[in-house]
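A short reminder: the numbers here are calculations on the coordinates, not readings from a lab. Computed from a predicted structure; not experimentally measured. Here the Cβ positions follow ideal geometry from the backbone for every residue, glycine too, while neighbour counts run over all protein chains shown.
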Amino acid sequence: MQWCCSATAEYFAIEGIMKLNIDRERLAEEFVTLCEISSPSKQERPVADYLLTVFTELGADYAYEDDSAIRTGSDSGNLIFRFTGNNGSEPIFFACHMDTVQPGSGVEVERSGDMFTSRGETVLGGDDKSGIASLIELIRVLKEHRTPHRTLELVFTTCEEIGLRGAKGLEYRKLEAQYGYALDSTGIDRVIIGAPASNRFRVDVHGTAAHAGIKPEAGVSAFLVAAKAMTRLKLGRIDEESTANIGIMEGGMATNIVPPHLMLKGEIRSHSVEKLARYSEDLKEVFLDTVANWPVVDDPDYRPPTVDLKIESEYPAMRLSEQDQVVRTVRDAGLALGREQSFIIAGGGSDANILNGYGLPTAILATGMSSVHTTDERIDLDDMVKLTELVYAIACM
């Protein structure tokens, strides 16, 4: 689902918006610098130290690192910076994550015209350093030109790529702003206003080991038990709001041993809380029913199969409406710039899901990045400039 705002609609004149002073080359240099600071998940300390230096030098009124590292396993906590405003508008926050996926160590950036790619066998790191670079340029422009702006809070999280761990550990009550934006999506002039909730699950199927050539009838293959259960599961696209997937399986000992154990990990996602609960319960019932009805073998060494299940919430759903202030603000900022934006319901989870779960309405702004999580990742400087213009417009409203 998507709905659009038209640039031909009522024009919102915001003082300073038509006098943008984005320094393209400075933005480009900042982006390259950030990408070449290695920060794979749990190793965000170098980029965190860099941001602490940059925003302190830019005069942040508040700089704070939380204690989330104790829970995330990162070598850094989440960061919060505040730049007090003076235009009378309510505070807002912008959020980015500091970590990248692997291979993300030793990144070397290749620039061809205005296009940035990785020079080697690594990701580029535009996810999410394109957002971070734009926020640094935003603050520099506001400071240089003494532009009136609202109070801005900048949030930088750790371990987003491995389960949104930093956001889950964020001391969000330190924020003054009641709504904001996560800069973290592909494309440009796209605003994500909805995303599903997700449950993760682990299933351990226990069978009985036996020699596969001498006495296989005494064994119970955990693989066969799991296979029978999986033929009854709803996987892939379940309905228009829901998906399910088993992505990891581990088990087995040797080719001549009936496998006594198989571990499966997966996820269920849905935009409907009710459906998420129902499909999660369905998965549990299928595995329990499968082992309960496994055929009994008349052998003294036979033991029936068992199963252990663990289903946990990964992140809550997010769903914003056209009437929410966070949506109206970014829509009006786009109109002030004369640009059309698309408002999207997406299928993935991000820090925005967690922030919305805290009661902080958060929309996701596209940063221009593409082919993320691959070594073909790339981004165009023009798109990073457009993102910076958009957050500038929001800041000055």
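Quick rundown of the values:
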{"item": "From phi via Karplus (6.51, -1.76, 1.60), per-residue ³J(HN,Hα) for region 90-103 in Hz, x at Gly/Pro", "result": "5, x, 9, 10, 10, 10, 9, 9, 8, 8, 10, 6, 8, x"}
{"item": "Relative contact order for the chain, counting Cα pairs under 8 Å that sit 6 or more residues apart, in percent", "result": "26 percent"}
{"item": "Cα long-axis angle, helix 126-145 against the chain (0 to 90 degrees, to the nearest 10)", "result": "20 degrees"}
{"item": "Dipole of the chain, positive direction: furthest Cα of P40, A346, L20, with charges on the beta-carbon", "result": "A346"}
{"item": "For region 67-181: rounded, prolate or oblate by the Cα gyration tensor [a/c cutoff 1.5]", "result": "oblate"}
{"item": "Rg/Rh (Cα only; Kirkwood hydrodynamic radius) as it applies to region 197-315", "result": "1.05"}
{"item": "Magnitude of the charge dipole, the chain, Cβ model with Lys/Arg +1 and Asp/Glu -1, debye to 20", "result": "580 debye"}
{"item": "Gyration tensor verdict on region 126-172 (Cα atoms; rounded if a/c is under 1.5, prolate if a/b is larger than b/c, oblate otherwise)", "result": "oblate"}
{"item": "Distance cut-off 21 Å, percentage of C-alpha pairs in region 303-397 lying past it", "result": "50 percent"}
{"item": "Mean separation of Cα contacts under 8 Å, 6 or more apart, over the residue count of region 197-315: relative contact order %", "result": "42 percent"}
{"item": "Modelled FRET efficiency - R0 41 Å, I257 with K234, Cβ distances, 0.05 increments", "result": "0.80"}
{"item": "Largest to smallest principal axis extent of the C-alpha atoms in the chain, angstrom", "result": "85, 43, 38"}
{"item": "Potential extension, E110-K143 segment - 0.36 nm per residue separation minus Cα distance", "result": "8.9 nm"}
{"item": "Of A226, H211, N199, farthest towards positive along the dipole that unit charges on Lys, Arg, Asp, Glu beta carbons give region 137-287", "result": "H211"}
{"item": "Rounded to 5, the percent of DSSP beta bridges in the chain classed as antiparallel", "result": "75 percent"}
{"item": "Centre separation in Å (Cα based) which lies between region 347-390 and region 210-287", "result": "33 Å"}
{"item": "Segments 364-370, 87-93 sorted - mean Cβ within 10 Å per residue, highest first", "result": "364-370, 87-93"}
{"item": "Contour excess over end-to-end distance, with Cα ends at E171 and K284 and 0.36 nm allotted per residue", "result": "37.3 nm"}
